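The values are calculated or read from the model by the stated rules, or taken from the named source; none is laboratory data. Note that the structure is a prediction, hence the values are computed from the model and not measured. Note that we place each Cβ from the backbone using ideal geometry, even for glycine, and neighbour counts take in every protein chain shown. When the accessible area is computed, the model is the full protein with side chains, heavy atoms only, and any ligands, DNA or RNA have been set aside. Shrake-Rupley method; radii C 1.70, N 1.55, O 1.52, S 1.80 Å.
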Amino acid sequence: DVSSPKHGKVDPNNMPHVGGNTWAGGTGGRDTAGLGGKGGPYRLDAGHRVYQISQAEKDAVPEEVKRAAREMGEKAFKQRLKEIQMSEYDASTYERFSGAVRRQVQSLRIILDNLQ
């Protein structure tokens with residue numbers, strides 16, 4: 001069961017973590033920032049294979065936990081904007097322009113990676 005969202009512990013060795021509710025950047029777990037899990041405050045990719053839980057499990061998360069996770073994610077987003085000296089307007093403008101060329105940038109990254 002989910003209880004409350006949190007960032008989670010950071011693994012100094014960046015080992016892959018699947019399931020549970022301890023590690024930040026894990027996959028398929030609960031309550032912590034990561035990918036493929038449920039009840040976490042925001043997505044956090046540690047670069048490992050993603051294990052996805054079912055949509056039914058995600059839908060079963062209580063509304064108060066979803067609300068707390070959204071609030072925590074919004075707070076982290078605003079803190080990050082403050083750290084990089086960016087306003088919410090700047091972020092939405094950046095996202096608008098970035099989104100328009102996202103596919104082309106991804107293609108270019110693949111080409112450059114292959115050239116290396």
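In this structure the range 1-73 gives 60 Å² per residue of accessible area when probed at 1.4 Å with all protein chains present.
For the chain, modelled as a GNM whose springs connect Cα atoms under 10 angstrom apart, the maximal fluctuation among Val105, Val61, Val18 occurs at Val105. The alpha-carbon of Lys78 sits under 13 angstrom from the alpha-carbons of these aspartates and glutamates, leaving out residues fewer than 8 places away in its chain: Glu88, Asp90.
Can you list the lysines whose alpha carbon is less than 20 Å from that of Lys38, not counting same-chain residues fewer than 8 positions off? Output for Lys38: Lys6, Lys9, Lys58, Lys66, Lys75.
Among Gly47, Thr32, Thr22, pick out the residue whose Cα is farthest towards the positive end of the charge dipole of the chain, where Lys and Arg carry +1 and Asp and Glu carry -1 on C-beta, about the Cα centre. The listed residue farthest towards the positive side: Gly47.
Explain nothing, just the number: dipole magnitude of the range 60-116 about its Cα centre with +1 on each Lys and Arg Cβ and -1 on each Asp and Glu Cβ, in debye rounded to the nearest 20.
Details: 11 positive and 9 negative charges, 22 e Å.
Using only the charged Cβ atoms, the result is roughly 100 debye.
The candidate values were (i) 38; (ii) 48; (iii) 25; the one computed from these coordinates for percent of Cα pairs over 22 Å apart carries the label (ii). The charge dipole of the chain, taken about its Cα centre with unit charges on the Cβ atoms of Lys, Arg (+1), Asp and Glu (-1) only, comes to about 180 debye. Over the residues of the chain, the helix contribution to mean residue ellipticity at 222 nm works out to -16000 deg cm²/dmol, using -39500 (n - 2.57) for each DSSP H run of at least 4.
Would you work out what percent of the accessible area of the chain, with all protein chains in place, is carbon or sulfur (probe 1.4 Å)? If you can, show how the numbers build up before the last one.
On the way: 4470 of 8560 Å².
After summing per-atom areas, the C and S share lands at 52 percent.
GNM remark for the chain: springs join alpha carbons under 10 Å apart, and the peak mean-square fluctuation among Gly99, Gly34, Gly19 falls on Gly99.
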